[in-house]
1. Tell me, what % of the accessible area of the chain is carbon and sulfur with a 1.4 angstrom probe?
2. So how many Lys-Lys pairs in segment 103-196 land under 14 Å Cα to Cα, not counting same-chain pairs under 8 apart?
3. Using only Cα atoms and rounding to the nearest 10 degrees, what angle (0 to 90) does helix 153-169 make with the longest principal axis of the chain?
4. Quick one: how many Å² of residue 175 are accessible to a 1.4 Å probe, rounded to 10?
5. Express the accessible area of the chain per residue in Å², computed with a 1.4 Å probe while the remaining protein chains stay in the model.
6. Which one, 155, 68, 48, has the greatest fluctuation when you compute a Gaussian network model over the chain with C-alpha springs under 10 angstrom?
7. Once both labels are modelled 7 Å past Cα along the beta-carbon direction, what's the residue 234-residue 418 spacing in nm?
8. Segment 242-259 to segment 31-47: how many Å between their Cα centroids?
Amino acid sequence: MATSMVIGTQWGDEGKGKIVDYLAEQADVVVRSQGGNNAGHTVVVDDVAFALRLLPSGILYDNKINVVGTGTVIDPKVILAEIENLESQGKSAKTLQISNRAHVILPYHNRLDEAEEASKGALSIGTTKNGIGPCYADKVNRIGIRICDLMNEEVFKEKLAYNVKIKNKILRDVYGVEPVDYYEILKDYLEYADRLRQYVTDTNYNVVSYIKDGKKVLFEGAQATMLDLDHGTYPFVTSSHPISGGASVGAGVGPNYLKNIVGVVKAYATRVGAGPFPSELLDETGDFLREAGHEFGTVTGRPRRCGWLDLAVVRYAADLNSLDYLAITRLDILDKLPEIKICVGYTLNGEPVKGFPADLQVLEQCKPVYETLPGWQTDISGIRHYEDLPEAARRYVERISEVTGVRLGIVSVGPNRKQTIVLQDVFGA
Ligand code: GDP
Ligand code: IMO
Ligand code: MG
């Protein structure tokens with residue numbers, strides 16, 4: 001089966017966009033199956049950086065079909081702006097398909113996201129404030145508005161009226177913030193509907209048909225394993241399922257169709273927003289990683305928290321996603337360090353911890369167990385063949401593979417397409 005999938009193994013921003021872009025060259029179809037414009041994937045093509053939020057990274061090629069699938073949440077204003085922006089940079093969205101079953105983000109979702117975060121005070125999650133959580137909450141509560149509803153003016157009017165009535169009560173009476181205006185939303189969204197209509201289709205049917213027809217289909221994960229609603233560090237998570245099983249549900253394809261699952265591992269760890277981060281570095285090494293790696297959010301510009309690579313996290317991700325390969329990114333950011341630590345597991349009261357703790361208070365008591373490996377102190381960004389990497393760099397990535405039990409597929413040494421070292425044909429089998 002000619003499918004492959006790219007999944008984040010940590011807290012996001014591992015470089016999924018770069019790996020998807022690299023693999024997309026071999027693909028016919030690229031599919032986003034969950035999340036929304038909380039994602040920010042930077043892809044560098046010929047030294048020009050493109051920041052993608054909802055559009056699949058395959059959109060940067062002229063000849064790929066790009067699918068925004070059923071499990072996503074779509075802010076029409078944002079996706080239309082993204083399309084316009086892309087077109088102004090000489091690219092085209094003519095191959096874009098948007099699922100008629102995906103859910104629509106409305107202005108009351110953004111407003112609720114902000115109000116809920118503000119009301120939580122010190123317990124706030126640090127969301128992207130894009131309305132992601134409230135939109136998924138409406139979907140689960142079966143009062144959401146889907147793309148096919150937006151395409152049907154009568155249905156849309158009715159569902160919008162119901163939602164605005166309820167949401168305005170909550171906005172005004174619970175949170176004491178400004179309500180939204182039904183007529184303004186109606187006018188804007190009917191206009192968005194007209195502009196989006198050309199892309200809307202039954203992507204579930206199409207994606208399975210492409211696979212059956214032998215086309216190469218690449219699934220692009222957004223967010224990451226530790227932000228999964230069920231399996232991440234709840235409640236400091238997003239509201240979708242960024243794991244491989246989530247792609248099956250989100251794209252509407254059975255699990256047996258999903259092969260060649262690639263877990264993207266940033267060579268160190270970052271987290272944006274609040275929540276547990278056992279290997280976080282609050283010292284100058286953390287500052288070094290933030291500066292050397294320009295670790296500031298693609299979407300929000302927020303500084304990312306930085307730390308050593310945590311293999312307790314990646315091992316957990318390996319099992320949750322049934323990873324076939326690892327793609328290790330940003331190895332070049334570690335070039336200058338004389339030595340590098342790697343967390344290989346946790347102990348709790350002196351005993352090794354199995355699995356990943358659910359209770360955040362327990363997680364807080366866990367102590368990371370570190371191994372110290374020598375750095376390579378050489379610029380590796382120009383290296384193209386694995387055997388040309390310094391021995392210490394090879395030892396570092398091989399240790400990651402050893403501890404997680406997943407073979408190496410790709411090592412990335414820079415943001416450009418050509419700065420990619422391939423060890424396995426991950427799309428092959
Ligand atoms: P994503 O959300 O997982 O797609 O990751 P982001 O795009 O938010 O952040 C990753 C950043 O690292 C982007 O700016 C990429 O261009 C960049 N990047 C990806 N791989 C590498 C690499 O191997 N080395 C360096 N220096 N940058 C990389
Ligand atoms: P990509 O695809 C990093 C984080 C937010 C916040 C939490 C919930 O670029 O890797 P949300 O707005 O989803 O309700 O926020 O999840 N978050 C991300 N962090 N990368 C992302 O996407 C993220 N998407 C959401 O910072 O902590
Ligand atoms: Mg990102």
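1. Numbers: 8640 of 17750 Å².
Answer for the chain: carbon and sulfur cover 49 percent of the accessible area.
2. Details: 120/129; 139/159; 157/165; 157/187; 159/167.
Lysine pairs meeting both conditions in segment 103-196 amount to 5.
3. 70 degrees
4. 70 Å²
5. Working: 17750 Å² over 429 residues.
Here the residues of the chain average 41 Å² of exposed surface.
6. 48
7. Once both label points are built, they end up 4.8 nm from each other.
8. Cα centroid of segment 242-259 versus Cα centroid of segment 31-47: 18 Å apart.
The values are calculated or read from the model by the stated rules, or taken from the named source; none is laboratory data. These numbers were taken from a predicted model, which means no experiment stands behind them. Cβ sites come from the backbone with ideal geometry, for glycine too, and all protein chains shown count toward neighbours. Only protein heavy atoms, including side chains, enter the accessible area calculation; ligands, DNA and RNA are left aside. Shrake-Rupley method; radii C 1.70, N 1.55, O 1.52, S 1.80 Å.
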